[in-house]
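Step one of this worksheet: look at the structure below.
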Amino acid sequence: MLFSFPMTAHLIRVPYDSGHRGARMGAGPDVLGPALAASLGASDETITLPEGFRTEATAGFALARALSTRVRDARDAGRRPIVLAGNCLSSLGTASGVGGDDLAVVWLDAHGDLETPETTTSGFVDGMALAALLGRCWRSMTASVQGFRRVPGSRVVLVGARDLSDAERALIADAGVRWVRADALGALDPALDAVVADGARRVYLHVDLDVHDPAALPVNSYPAPGGLSAAEVRDVVRRVGARLEIAAAAMTAYDPSCDPRGLVVDAARALAPLLAGSA
Ligand SMILES: [Mn+2]
């Protein structure tokens, strides 16, 4: 492997969903954090917001701003940040904290997170996270995140997405996002080659855990049939890590109330060393 130098992982928990601490997917980080810190031997911190009323978008971007600083600090200390977040909007903070002009994004998710305020029918800001990272929406808010720079579509590989609106499919085509379907994972290697040819050397590796097939791993209340097995997710991460330095990674969107047997925790524990570069 090209980038196998030892780097201790640092876990950063962001235990919020839509600004609500510990609710729904906001409960996932506090279940995953202790399990992974022990198995990785990693340090662990939690980002919190002061008490008080705030809107979903206000909270989401406040967390992204805090996360950007923590990610940068962890990297400056020689550690690889592994973010455990309720929402995918955390990606804005993580990618901004890594910074640089050689960054690719590999995004595993059942969904595209490519809606914009003009196309969303749910109003869920999290469903716009990747569109915001591409610079397609929320531009005054992303500008408030230290180190933010939009990632060009040619540097983005979307893996395993299958629950996509027409608007999201149109944005994939318009932005030139490289879409690797769950039933055609062989397309990953050519997509990664193209990203490297485009100048990327490092990657932010985003794993929305609902990329897994919900028949095997019940991750949250947004199931989409036809996802990846846990072994396929690990293989994707191995193949990404063989071509690009994993600068930071995330596991998101785990709602423990959907997973009474803790199957997702076991899968996350098996995946974490690959994200951390310690496998
Ligand atoms: Mn997502």
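Testing the spin-label approximation: label points 7 Å from Cα along Cα→Cβ at Ala279 and Ser257. State their distance in nm.
3.1 nm
For a test of the definition: using alpha carbon positions, the gyration tensor, and the 1.5 limit on a/c, classify the stretch 151-279 as rounded, prolate or oblate. Don't jump to the answer; show the numbers that get you there.
On the way: a/c = 2.06, a/b = 1.28, b/c = 1.61.
Because a/c hits 1.5 or more and a/b fails to exceed b/c, the stretch 151-279 counts as oblate.
Hey, can you find the accessible area per residue of the stretch 9-276 for me, probe 1.4 Å, expressed in square angstrom? Before the final figure, lay out each step's value.
Working: 9640 Å² over 268 residues.
Per-residue accessible area for the stretch 9-276 comes out at 36 Å².
Run lengths n ≥ 4 of DSSP H only: what is the helix-derived mean residue ellipticity at 222 nm for the chain, with -39500 (n - 2.57) per run over all residues, to the nearest 500?
On the way: 9 runs with 100 residues, N = 279.
About -11000 deg cm²/dmol.
Ordering Trp138, Trp107 from largest to smallest accessible area (1.4 angstrom probe), what's the sequence?
Numbers: Trp138 70, Trp107 0 Å².
Per-residue accessible area, sorted high to low, gives Trp138, Trp107.
Under a 1.4 angstrom probe, counting protein chains only, how are Arg13, Arg178, Arg238 ranked by accessible area, largest first?
Ranking Arg13, Arg178, Arg238 by accessible area, largest first, yields Arg238, Arg178, Arg13.
Need one number: % antiparallel among DSSP beta bridges in the stretch 9-276, to the nearest 5. All intermediate terms of the calculation are to be shown ahead of the outcome.
On the way: 2 of 38 bridges.
About 5 percent, rounded to the nearest 5.
Which FRET efficiency, nearest 0.05, do Ala23 and Ser122 yield, Cβ-Cβ r, R0 25 Å? Intermediate results must be reported in sequence, preceding the final value.
Values: r = 17 Å, r/R0 = 0.67.
In this case the efficiency is close to 0.90.
Want the number for Asp30 to Thr55: 0.36 nm per residue separation, take away the alpha-carbon distance, what's left? Spell out each step's value before the answer.
Values: separation 25, 0.36 × 25 = 9.00 nm, distance 2.25 nm.
Full extension of this stretch gives 6.7 nm more.
Using a/c under 1.5 as the rounded threshold, could you call the chain rounded, prolate or oblate? The axes a ≥ b ≥ c are square roots of the C-alpha gyration tensor eigenvalues, and prolate needs a/b larger than b/c, oblate otherwise.
It comes out rounded by the Cα gyration axes.
Can you pull the one-decimal nm distance between simple spin-label points at Asp183 and Val196, each 7 Å off the Cα toward Cβ?
In this crude spin-label approximation the distance works out to 3.0 nm.
Quick one: check the C-alpha center-to-center distance for the stretch 230-279 versus the stretch 58-93, whole angstrom.
If we compute the Cα centre of each part, the gap is 17 Å.
How much of the accessible area of the stretch 9-276, in percent, comes from carbon and sulfur atoms when a 1.4 Å probe is used? Write down the numbers at each step before the final one.
Details: 4870 of 9640 Å².
Reported share for carbon and sulfur atoms: 50 percent.
From the square roots a ≥ b ≥ c of the eigenvalues of the alpha-carbon gyration tensor of the stretch 25-82, which class results: rounded (a/c under 1.5), prolate (a/b over b/c), or oblate? Can you show the working numbers first?
Values: a/c = 2.97, a/b = 1.42, b/c = 2.09.
Judged from the Cα gyration tensor, the stretch 25-82 comes out oblate (a/c at least 1.5, b/c at or above a/b).
On full extension of the chain, what length is gained from Asp174 through Ala215, given 0.36 nm per residue of separation minus the C-alpha to C-alpha distance?
Working: separation 41, 0.36 × 41 = 14.76 nm, distance 3.24 nm.
Additional length available on full extension: 11.5 nm.
Could you work out how much longer the chain between Asp73 and Thr46 gets when fully extended? Use 0.36 nm per residue separation minus the Cα distance between them, nm to one decimal. Before the final figure, lay out the partial values.
On the way: separation 27, 0.36 × 27 = 9.72 nm, distance 1.39 nm.
Result: 8.3 nm gained on full extension.
How much accessible surface does Arg162 have with a 1.4 Å probe, in Å² rounded to 10?
Accessible area, nearest 10 Å²: 50 Å².
The values are calculated or read from the model by the stated rules, or taken from the named source; none is laboratory data. Treat the numbers as computed from the prediction; the structure is a model and nothing was measured. Positions of Cβ are generated from backbone atoms using ideal geometry, with glycine treated the same way; all protein chains shown enter the neighbour counts. Quick note on the areas: whole protein, heavy atoms, side chains included, nothing else; ligands and nucleic acids left out. Shrake-Rupley method; radii C 1.70, N 1.55, O 1.52, S 1.80 Å.
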